[in-house]
Amino acid sequence: MKEARIRLSESTSPSELTRLISQAPDVRRIVLEVEANDRVRAVERVRDFLLSNISRTIFVYAREPGEGE
Amino acid sequence: MRLDVIITSDRTMMSNHHHKEFLGFFTTGPPIGMPEKLWMWLCAPKLKVDRWGRPIEAPYGLRKIEAALLDAGINAAIIDPDHLSRHLRHAKVLMIGHHDFFAMCSPSVEWWAITGVEPVNSRSFKRLMRRPEIREAKRRGLRIIVGGPAAWQWLWRTDYWREFGVDTIVDGEAEKVVVDLVEKALNGDELPLYVYVGPDDVPSVDEIPVIRGASINGLIEIMRGCPRGCKFCSVTLRPLRYYPLEKIEEELKVNARAGLKSCILHSEDVLVYGARGLEPNVEALLKLHKLAKKYFGTLAWSHVTLAEVKYSQEKYRLIDKLTEVIYDEHQDWIGVEVGIETGSVRLAKKIMPAKAAPYPSEKWPEVVEDAFAIMHDHRIVPAATLILGLPEEREEDLVATLELLDRLKEYRSLIVPMFFVPLGVLRDRRWFLREQINELHVEILRKCLWHSVRWGEDMVSRMYFRGLRYEPVKLLLRLFLAYVKRKARKVERQLEERGLESAKRGRAVSVVEASNQ
């Protein structure tokens with residue numbers, strides 16, 4: 001199963017995710033690292049993307065801006 | 001007993017509802033016409049527990065998670081919410097499942113919108129999460145993992161995600177991911193915030209564990225997934241898998257050993273168990289029902305589809321054959337949930353193109369009526385749902401639904417209208433809000449109410465509660481139905497006198513709107 005790891009920096013628009021995923025239709029599992037100052041804020045940033053996803057497995061991790069890059 | 005992992009839920013989930021599954025639906029309602037404590041006694045009485053606070057029966061979904069963890073050698077157990085304190089002193093992980101954490105599913109969402117009062121499921125869950133012992137354990141490093149069919153609600157209620165200090169939300173069939181998550185939590189490793197389990201990561205039938213303890217009211221799965229692909233439903237996103245009879249029997253035995261006297265066969269459509277496509281497998285169904293009756297005096301179905309009722313009876317006399325197996329000295333009727341959703345052919349074609357199959361969608365109203373007639377003749381009592389506010393709904397669709405309701409008047413059934421909740425393929429669509437209710441919606445709500453009150457009274461007196469021990473429950477339900485009739489007549493008078501708009505202004509805003517603030 002093809003996996004992808006994507007990091008969404010604080011300055012990147014979450015809508016960029018949809019564009020990235022559409023370029024890789026064979027990816028079935030996504031690890032999404034989202035930069036935000038607060039853990040739950042990370043999910044709030046990508047909520048629309050999560051709501052529109054039905055076919056892929058997604059793990060969302062919160063990252064502080066600039067952490068572990 | 002020192003547990004590493006506690007699995008639990010609030011009282012509205014952790015109850016056998018007096019062994020009457022239908023009473024469980026009252027947990028989706030607000031406590032109207034009686035004090036909340038009495039309402040909770042009516043719909044969610046406490047369960048029997050062992051000396052460690054482990055309930056004799058527990059929700060089936062939690063039993064699956066418990067089994068997956070125990071099979072992996074993890075020290076876990078389901079604990080009744082009244083017995084959490086002593087286990088929280090040592091546990092490292094708290095896992096919580098629910099069908100409707102924040103009353104955002106139907107029908108909770110419309111009871112809240114119509115009455116302006118928060119349903120007890122949401123109140124009870126919040127009370128659980130605000131308990132001092134959970135907050136204290138959280139301060140000591142307890143990790144909280146939450147899941148179940150309503151996990152999606154947390155995406156809308158991130159305020160509670162923060163307040164309750166939830167570490168991870170798991171959305172979807174969790175058996176294949178839960179062991180890894182819990183091991184990470186026990187080892188103090190980083191946890192994901194949110195996990196969505198896609199169709200490629202759902203467990204195969206062999207990977208689904210057998211429950212270790214009894215399930216509420218003996219409910220057991222016979223299959224997962226649904227082949228009909230209705231767009232408003234999340235179950236159809238997952239692949240179809242049938243449990244073999246041997247696996248079903250193992251779970252029947254677990255429940256029988258715990259002393260349960262009845263079982264519920266769970267499927268989105270019991271009548272397609274073992275089917276090739278939508279062609280019923282008569283032999284498999286007869287074997288399944290004979291097997292269940294070997295262990296239990298009474299059985300119920302969770303759901304069937306109306307098209308399958310009509311087709312299987314007309315082609316195979318299947319309903320005759322199954323009721324011959326089911327009915328005996330212990331049982332002479334059966335209850336089941338069914339979905340009407342709409343009376344409109346136009347809308348049926350758009351949102352549930354395979355719901356009428358093998359009949360064409362053009363025949364949907366006829367399929368519904370014929371199936372209701374078959375069920376009425378066989379003493380099968382459906383609790384049917386309608387969806388109001390479906391995307392692209394027009395007035396002509398609502399008129400068609402009203403016409404269908406007129407045709408269903410004489411069939412013993414409950415019909416519950418539900419507001420559209422964005423799930424399944426439609427999960428990114430707009431919610432249906434009370435501000436969008438028009439006169440036709442009100443007329444549908446009104447028709448459904450009087451239909452259900454009429455047949456509800458009939459069932460309370462003649463079928464559902466037999467035996468002296470149910471007299472207090474019957475009395476309370478009769479009083480409640482009388483209260484509902486009185487209130488409904490009052491609202492009808494207001495509507496006639498003041499019109500819809502002023503009646504709507506007299507109520508609170510919808511829960512969904514409140515949740516978006």
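Note on the range A:49-69: residues that are assigned to a helix (DSSP H, G or I) and either more than 7 Å from every other protein chain (Cβ to nearest Cβ) or buried (at least 19 other Cβ atoms within 10 Å of the Cβ) (or both) amount to 2.
Restricting the first member to the range B:388-399 and to residues that are more than 14 Å from B:Phe419 (Cα to Cα) and in a helix (DSSP H, G or I), and the second to residues that are open to solvent by less than 10 Å² (accessible area, probe 1.4 Å) and not basic (Lys, Arg), the beta-carbon pairs closer than 9 Å and six or more apart or on different chains are B:Glu396/B:Ser344; B:Asp397/B:Thr342; B:Asp397/B:Gly343; B:Asp397/B:Ser344; B:Asp397/B:Leu347; B:Asp397/B:Leu390; B:Val399/B:Gly343; B:Val399/B:Ser344. Of all residues in the range B:293-336, exactly one satisfies the criterion of being within 30 Å of B:Asp397 (Cβ to Cβ) and at pLDDT below 95, namely B:Gly335.
Taking the criterion of being of a type in the set (D, E, K, R), within 12 Å of chain B (Cβ to nearest Cβ), more than 21 Å from B:Asp167 (Cβ to Cβ) and assigned to a helix (DSSP H, G or I), would at least one residue in the range A:23-34 satisfy it?
no
Annotation note: Cβ proximity below 7 Å between a residue of the range B:422-436 that is at the interface with chain A (Cβ under 10 Å from one of its Cβ atoms) and closer than 18 Å to B:Val235 by Cβ and a residue that is surrounded by fewer than 19 Cβ atoms within 10 Å (Cβ to Cβ) and of a type in the set (Asp, Glu) (sequence gap 6+ or interchain) occurs for B:Pro422/B:Asp428.
For the range B:185-199, give me each residue that is open to solvent by less than 50 Å² (accessible area, probe 1.4 Å) and at pLDDT 95 or above.
Filtering the range B:185-199 down to residues open to solvent by less than 50 Å² (accessible area, probe 1.4 Å) leaves B:185-186, B:191-199.
Selection gives B:Ala185, B:Leu186, B:Leu191, B:Pro192, B:Leu193, B:Tyr194, B:Val195, B:Tyr196, B:Val197.
Among the candidates A:Leu50, A:Leu8, the residue that is closer than 19 Å to B:Asp200 by Cα and under 11 Å from the mean Cα position of the chain (by Cα) is uniquely A:Leu50.
Under the condition of being in a helix (DSSP H, G or I) and of a type in the set (Gly, Ala, Ser), which residue from the range B:400-446 is nearest to B:Glu457 (Cα to Cα)? Outline the logic, then answer.
Keep residues of the range B:400-446 that are in a helix (DSSP H, G or I), which gives B:400-408, B:424-426, B:434-436, B:439-446.
Within this subset, residues satisfying the condition of being of a type in the set (Gly, Ala, Ser) are B:400, B:424.
On the way: B:Ala400: 27, B:Gly424: 35 Å.
Out of the qualifying residues, it is B:Ala400.
Taken together, the criteria exclude B:Arg127 from residues that are among the charged types (D, E, K, R) and under 18 Å from the mean Cα position of the chain (by Cα). Within the set B:Val202, B:Val210, B:Val182, the sole residue that is within 14 Å of chain A (Cβ to nearest Cβ), among the hydrophobic types (A, V, I, L, M, F, W, C) and open to solvent by less than 40 Å² (accessible area, probe 1.4 Å) turns out to be B:Val202. Flag: B:Arg238 does not match the condition of being of a type outside the set (Asp, Glu) and more than 14 Å from chain A (Cβ to nearest Cβ).
The values are calculated or read from the model by the stated rules, or taken from the named source; none is laboratory data. Predicted model, so just to flag it, every value in this text is computed and none were measured. When we count neighbours, we look across all protein chains shown, and the Cβ atoms used for this are built from the backbone with ideal geometry, even at glycine. Ligands, DNA and RNA are stripped out before the accessible areas are found, and what is left, the full protein with its side chains, is counted by its heavy atoms. Shrake-Rupley method; radii C 1.70, N 1.55, O 1.52, S 1.80 Å.
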